[in-house]
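Here the structure is laid out as structure tokens; the discussion comes afterwards.
The values are calculated or read from the model by the stated rules, or taken from the named source; none is laboratory data. Worth saying up front: this structure is predicted, and the values here are computed from it rather than measured. Cβ coordinates were reconstructed from backbone atoms using ideal geometry, including for glycine residues, and neighbour counts include every protein chain displayed. Remember, those area values only see protein heavy atoms, side chains included, never the ligands or the DNA or RNA. Shrake-Rupley method; radii C 1.70, N 1.55, O 1.52, S 1.80 Å.
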Amino acid sequence: MKLKVSAPTTVLDVTAGDTPITDLARLAALDGVSSDECFSDYLLDDPQTKELPSKGVSGGYLRFRFRSDLNQLWAETEYDLREQLTCAETQSLMEYTLGQWSDGVGENFCPAYAEETGLFLSPHLEDAIAQVA
């Protein structure tokens, strides 16, 4: 079983005054960009998620996928689940993930990626969704 947290992402060209990238070919070229830090490595650090590793929650990497059905770049973090989470646990994991995107792993990755490529990847946290599959 898996839980995926995802959100549409704005791409800014920092070399052109933070101009949003709208060219679909440029957005599609970012499909597969990812961080190598595992979100579940830090679950024990958060009081709201510290019990989740014992329930089999593992994995979770920040990845960007071009969604051709929407013509948008999306941020995604997918976790492996050994068992079904409660609604409260799912909500805690989603909030934790959004926190990592903005203040944790993502805060480390996105500026470093912008420095390397000139493109800043900014997930829309307010539009994030969680899906269990």
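Go through the range 1-47 and give me each residue that's in a loop (DSSP other than H, G, I, E, B), hydroxyl-bearing (Ser, Thr, Tyr) and open to solvent by 70 Å² or more (accessible area, probe 1.4 Å). Before you say what the answer is, go through the steps one by one.
Initially, the range 1-47 is screened for residues in a loop (DSSP other than H, G, I, E, B), giving 1, 17-18, 21-23, 29-33, 35-38, 46-47.
Pick out the ones that are also hydroxyl-bearing (Ser, Thr, Tyr) and you get 22, 35.
Answer for the range 1-47, where residues must be in a loop (DSSP other than H, G, I, E, B), hydroxyl-bearing (Ser, Thr, Tyr) and open to solvent by 70 Å² or more (accessible area, probe 1.4 Å): just Thr22.
A single member of Leu85, Leu43 is farther than 30 Å from Leu24 by Cβ, out of contact with any strand residue (DSSP E or B) (no Cβ under 8 Å at 6 or more places or on another chain) and either charged (D, E, K, R) or at pLDDT 95 or above (or both), and it is Leu43. Checked against the criterion of being modelled with pLDDT of 95 or more, open to solvent by 50 Å² or more (accessible area, probe 1.4 Å) and under 25 Å from Val132 (Cβ atoms), the candidates Tyr61, Tyr79 yield just one match: Tyr61.
Annotation note: Cβ proximity below 6 Å between a residue of the range 73-85 that is over 23 Å from Gly32 (Cβ atoms) and a residue that is open to solvent by 70 Å² or more (accessible area, probe 1.4 Å) (sequence gap 6+ or interchain) occurs for Leu81/Met1. In the condition set (1) out of contact with any strand residue (DSSP E or B) (no Cβ under 9 Å at 6 or more places or on another chain); (2) farther than 15 Å from Thr97 by Cα; (3) open to solvent by less than 50 Å² (accessible area, probe 1.4 Å), Leu73 is compliant with all but (1). With a requirement of 2 or more residues that are farther than 19 Å from Leu52 by Cβ, the strands (runs of 3 or more DSSP E) lying completely within the range 67-133 that satisfy it span 72-80, 119-123.
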